[in-house]
Amino acid sequence: MHIALLVIPDCLIVALGWVLLHKLKFSREFFTNTEKLVYYILFPALLVQSIAFTPISASSAGRLLAVSILLCLAGYLAAWLARPLLKPRPIALASLAQCAYRFNTYIGFSLAAALAGSEGQAIMAVLVGFSVPIANVLAVKSLARFQGSNVWLEILKNPLVLATLAGLLLNFSGIGLDNTVNMTLSKLGNSAIPLGLLCVGASLSLAGGRQDRAVISWILGIRLLAMPVFALILAFLLALSPLETNILVLFAALPPASAAYILAARMGGDGRCVATAVSIGTVLSVLTIPFWLFVGQTLVN
């Protein structure tokens, strides 16, 4: 029951986002601009500030880097198995595949703090920091051919990738942050999670994807069921600590990133089926996240 209660505040904020748009008639433009603010300013500030001050030993960093790479690759390969098995529309699979290995960072940071305080949030920050560039490379690579984009240029322009690199540079170099800059980033970062969750709620939609039900089900099965299993196997093989294992399982159990819709729409993919997958995955995660957290805690304790 305690684990299930951790999810409720985030669910209520997500639901509030949906109510604000659909019942209280906040404009969609408001949420579009808020999403841009979170994506380009607030969440990068949270990433830089969290990663820059996270104590990272060489051994711990190596294990978390390895597990981030392997987990993303496992999700990527599992997603593309749908091509020979289900024979989906190429543009639908290219758009949806990212939902198997991209994760909702807003929910992840909020739940990590509720689960294990600042230490849990710090481990989540490192996982996010290592995974964001990998997941973005894989996602942009899949969609770039539909737009003719340069994959590496798209990656280098991504604000989350830039923020991750800046945070890691500040951490490993020992430069740190000026106190005024740190306080400014902290205040900006504190706004990222609640505003991000509101935007997640406003983005929920079941308007598309009916012809792609099979591949959507396949991708969500990977995201919500297979990825936590992969995480538990990797945690055992790499001898992660109990806390690292619990946060990794949470990370792996997160619903698809709402930014997956933005990327698909911006790069000429099928945004409607991605929006449907993100929406269904977010709703189902209310049940699956507590289940996997319970499994993870049972196995490591």
Scanning for something on the phi < 0 side of the Ramachandran plot, in contact with a Leu (Cβ under 9 Å, 6 or more places away or on another chain), at pLDDT below 95 and surrounded by fewer than 17 Cβ atoms within 10 Å (Cβ to Cβ), does region 271-278 turn up at least one residue? no
If you go through region 6-34 one residue at a time, how many are out of contact with any Gly (no Cβ under 8 Å at 6 or more places or on another chain) and part of a helix (DSSP H, G or I)? 14
Region 117-132 residues that are in contact (Cβ under 8 Å) with a residue 12 or more places away in the chain and of a type in the set (Val, Ile, Thr), paired with ones that are surrounded by fewer than 24 Cβ atoms within 10 Å (Cβ to Cβ) and not in a helix (DSSP H, G or I) (beta carbon under 9 Å, 6 or more apart): 123/54; 126/54; 126/56; 132/158
Which condition number does residue 141 fail, the rest of (1) at pLDDT 80 or above; (2) of a type outside the set (Ser, Thr, Tyr); (3) surrounded by fewer than 19 Cβ atoms within 10 Å (Cβ to Cβ); (4) in contact with a helix residue (DSSP H, G or I) (Cβ under 6 Å, 6 or more places away or on another chain) being met? (1)
Would you check which residues across region 196-229 are in a helix (DSSP H, G or I) and surrounded by fewer than 20 Cβ atoms within 10 Å (Cβ to Cβ) and list them? 210, 211, 213, 214, 217, 221, 225, 226, 229
Only residues that are at pLDDT 90 or above and either more than 18 Å from residue 261 (Cβ to Cβ) or touching a strand residue (DSSP E or B) at 6+ places or on another chain (Cβ under 6 Å) (or both): list them for region 28-66, please. 41, 42, 45, 66
Close pairs (7 angstrom Cβ cut-off, 6 or more residues apart or separate chains): free of Cβ contacts under 8 Å to residues at least 24 places away in the same chain in region 78-100, surrounded by 24 or more Cβ atoms within 10 Å (Cβ to Cβ) and not basic (Lys, Arg) anywhere: 80/97
Could you list, in sequence order, the residues of region 110-125 that are in contact with a Leu (Cβ under 8 Å, 6 or more places away or on another chain) and either surrounded by fewer than 24 Cβ atoms within 10 Å (Cβ to Cβ) or on the phi > 0 side of the Ramachandran plot (or both)? 110, 114, 115, 116, 119, 120
Any residue at all in region 182-192 that is at pLDDT below 85, surrounded by fewer than 24 Cβ atoms within 10 Å (Cβ to Cβ), out of contact with any Phe, Trp or Tyr (no Cβ under 8 Å at 6 or more places or on another chain) and closer than 24 Å to residue 243 by Cβ? no
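Yes or no, residue by residue, for (1) surrounded by 16 or more Cβ atoms within 10 Å (Cβ to Cβ); (2) over 17 Å from the mean Cα position of the chain (by Cα):
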residue: 45; (1), (2): yes, no
residue: 52; (1), (2): yes, yes
residue: 61; (1), (2): yes, yes
residue: 64; (1), (2): yes, no
residue: 68; (1), (2): yes, no
residue: 73; (1), (2): no, no
residue: 77; (1), (2): no, yes
residue: 82; (1), (2): yes, yes
residue: 87; (1), (2): no, yes
Looking at residue 8 and the list (1) under 16 Å from the mean Cα position of the chain (by Cα); (2) at pLDDT below 85, which single condition is not satisfied? (1)
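The values are calculated or read from the model by the stated rules, or taken from the named source; none is laboratory data. All values derive from a computational prediction rather than experimental measurement. Note that we place each Cβ from the backbone using ideal geometry, even for glycine, and neighbour counts take in every protein chain shown.
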